[in-house]
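The values are calculated or read from the model by the stated rules, or taken from the named source; none is laboratory data. Being a predicted model, the structure only gives us computed values, none of them experimental. Here the Cβ is made from the backbone with ideal geometry for all residues, glycine too, and neighbour counts use every protein chain on show. The accessibility values were calculated without ligands, DNA or RNA, using every heavy atom of the protein model including side chains. Shrake-Rupley method; radii C 1.70, N 1.55, O 1.52, S 1.80 Å.
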Amino acid sequence: METSHQSSTKQDILKYLLKGVQATALQLATALKISPQAIRRHLKDLEVEELITYSSEQMGMGRPQHVYRLSGKGKERLHKEVGDSYGQFAISLLHTLAETVGRDQVSSILQKQWERKAAEYRQRLGKGSLRHRVATLVELRIAEGFMAEYHPVETPDSEEVEEKFIFLEHNCAISNVVESFPSVCGHELEMFAAILPDCTVERTHWIIDGEHRCGYLVKARN
């Protein structure tokens, strides 16, 4: 039987590959602070479970190295584990509503839900600095099952100084809902813009377009 520690380490590997797209065994060992030998044992197990794949790539003057990536099965496993545990119920409920009142009415209901969520987020973010508000938003999204993070965007010295941040979500905690009701993504962008009214919010990455994460550029208005 697999110990909880081994299971946690394998989960960490999967999460790292989801965020970083690919990595060698040495890169994983360094990032997760465990020995290369232990990493290789976990990678072998994950290969057997068909949760990861690898290719041999030439890196520098040495031997080709195995570069590991998540398989489709691995992405599904990770999204399921960190995603919305009530997703199937939500989809069933939305389909029932669509059959009862029509899809246009369901879209209006979803819009109201995002407006309510935006009001809740905005209250919890407060009126601090943009960095503080973005950091708080990341914490709230993590608590809801999103693998979220943010990074400041460095501005060249020649440009006018302004606050810019990239806000990333490496998974979609409501992916099952989005598959049936893609308008949810549009409401999400509207929500982020509403909770940061002194900023412009632009989508830079989109899982639904085949990318491995959703991303938003948050920029303070001058």
Next item on the list: Mind listing whichever residues of the stretch 10-39 are out of contact with any strand residue (DSSP E or B) (no Cβ under 9 Å at 6 or more places or on another chain) and either within 17 Å of residue 147 (Cβ to Cβ) or among the aliphatic types (A, V, I, L, M) (or both)?
Entry: 10, 11, 12, 15, 20, 29, 32, 34, 38, 39
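On the basis of being touching a helix residue (DSSP H, G or I) at 6+ places or on another chain (Cβ under 7 Å), of a type in the set (Asp, Glu) and modelled with pLDDT of 80 or more, does residue 190 make the cut? Working first, answer last.
On the way: touching a helix residue (DSSP H, G or I) at 6+ places or on another chain (Cβ under 7 Å): yes; of a type in the set (Asp, Glu): yes; modelled with pLDDT of 80 or more: yes.
Taking the combined requirement at face value, the residue satisfies it.
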Check: Among 201, 184, 218, which is the only one that is touching a Cys at 6+ places or on another chain (Cβ under 7 Å), closer than 30 Å to residue 70 by Cα and open to solvent by less than 40 Å² (accessible area, probe 1.4 Å)?
Finding: 218
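Please verify whether residue 153 is surrounded by fewer than 15 Cβ atoms within 10 Å (Cβ to Cβ), over 28 Å from residue 211 (Cβ atoms) and hydrophobic (A, V, I, L, M, F, W, C), treating the condition exactly as stated. Walk me through it before giving the result.
On the way: surrounded by fewer than 15 Cβ atoms within 10 Å (Cβ to Cβ): yes; over 28 Å from residue 211 (Cβ atoms): no; hydrophobic (A, V, I, L, M, F, W, C): yes.
So residue 153 does not fit the description; no.
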Margin query: Can you list the helices (runs of 4 or more DSSP H) lying wholly within the stretch 116-212 that have 1 or more residues being in contact (Cβ under 8 Å) with a residue 12 or more places away in the chain, under 18 Å from residue 19 (Cα atoms) and among the basic types (Lys, Arg)?
Written below: 130-143
Note to self: Please go through the stretch 4-44 and give me each residue that is open to solvent by 40 Å² or more (accessible area, probe 1.4 Å) and outside any helix (DSSP H, G or I), ordered by number.
What the structure shows: 21, 22, 33, 34, 35
Margin query: of a type in the set (A, V, I, L, M, F, W, C), closer than 27 Å to residue 72 by Cα and open to solvent by 70 Å² or more (accessible area, probe 1.4 Å): is that true of residue 208 in this structure?
Written below: yes
Next item on the list: Give the stretch 112-160 a look and list any residue that's polar (S, T, N, Q) and modelled with pLDDT under 85, or say none.
Entry: 155, 158
Notebook entry, point to check: Hey, any hits in the stretch 75-87 for a residue that's modelled with pLDDT under 90, open to solvent by less than 60 Å² (accessible area, probe 1.4 Å) and of a type in the set (A, V, I, L, M, F, W, C)?
Noted result: yes
